[in-house]
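One structure is given here, and the rest of the page talks about it.
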Amino acid sequence: MSNSKTPKTFSANSLKLLDTSPEEYKLKYEEGLFLPKISPSAKAGQNLHSYLCYYLKGFDITKIENALAPSDREFIEKIKTYNAVCKLKNAPKIQIEQPFLIRCTPPDTKNPQAARVLGNTFYLTGRFDAVLQTMPDKNLPHADENCQNTIQIYDWKTQNLPKNPEDDIQTIVYLYAASKLYKTQDISITYIALVKNEYVTIPYNPEYDYLSTISIIVNKCLP
């Protein structure tokens, strides 16, 4: 990846594929030879994501709900009662389907694996399902004037939570991207498995080198 070339853009999904199979990554993202395969369960998951976003945005979803089968409508009503969904629905400041595009230039590092991308730029792109910003009240007695916003990212999973959420590439990409987009380290990401109503929250770790970890994966597509 030389500076004379157009910088590459990576999503969490493309980085996951690049990390596990650089050959498949090249075929799909560079050669465009992979045909999209959407299973019925994946399609159902996409529809559920869309419905939840419409609901949290305050859109009129009556027609959508009336078209659902009774069992699906019962499931939707159950999701509306989840603590996280109620919290987001009633939040004064919330962003739904918030896109991001973060420019990354790896800094000096002692990590020899990450050193190959020094001075080279790439981009991280993606979309947060929901972002809740908690603004500090600086008018309160003894309030810290330097207190920053608290950023809570929410990501919907249809069936299961990530097996190792702290080390999941999506976690690493989203926490790093959010730290740059919102200019704070007071960040967390909460995964919610909608069918099982399970949660896991991962806070931002200021001692973890997110960019170096991402850069090591980026190395795998370099000549």
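The values are calculated or read from the model by the stated rules, or taken from the named source; none is laboratory data. Keep in mind the model is a prediction, meaning the values are calculated, not measured. Every residue, glycine among them, receives a Cβ derived from its backbone with ideal geometry; neighbour counts consider all protein chains shown. Heads up: the accessible areas ignore ligands, DNA and RNA and are worked out on the full protein's heavy atoms, side chains in. Shrake-Rupley method; radii C 1.70, N 1.55, O 1.52, S 1.80 Å.
Worth a mention:
- Long-range HN-HN contacts of residue 198 with modeled amide H, under 5 Å: 193
- Violating pairs (Cα-Cα greater than 18 angstrom) within the set 26/220; 16/183; 78/157; 80/157; 163/196: 16/183
- Sequentially through region 39-46, phi angles give Karplus couplings (6.51, -1.76, 1.60; θ = phi - 60°) of 6, x, 5, 5, 5, 4, x, 4 Hz, Gly and Pro residues having no value and appearing as x.
- Listed residue (194, 182, 170) projecting farthest to the positive dipole end of region 164-208, Cβ model: 182
- Derived scalar couplings ³J(HN,Hα) [region 161-178; Karplus, 6.51 cos²θ - 1.76 cosθ + 1.60; whole Hz; x for Gly, Pro]: 6, x, 5, 10, x, 5, 9, 5, 4, 4, 4, 4, 5, 5, 5, 5, 4, 5
- Placing unit charges on the Cβ atoms of the charged side chains and taking the dipole of region 35-101 about its Cα centre, the candidate lying farthest along the positive direction among 90, 64, 100 is 100.
- Rounded accessible area of residue 21 (nearest 10 Å², 1.4 Å probe): 20 Å²
- Cross-link pairs beyond the 31 Å C-alpha cut-off, checked among 8/63; 63/87; 28/63: 8/63; 28/63
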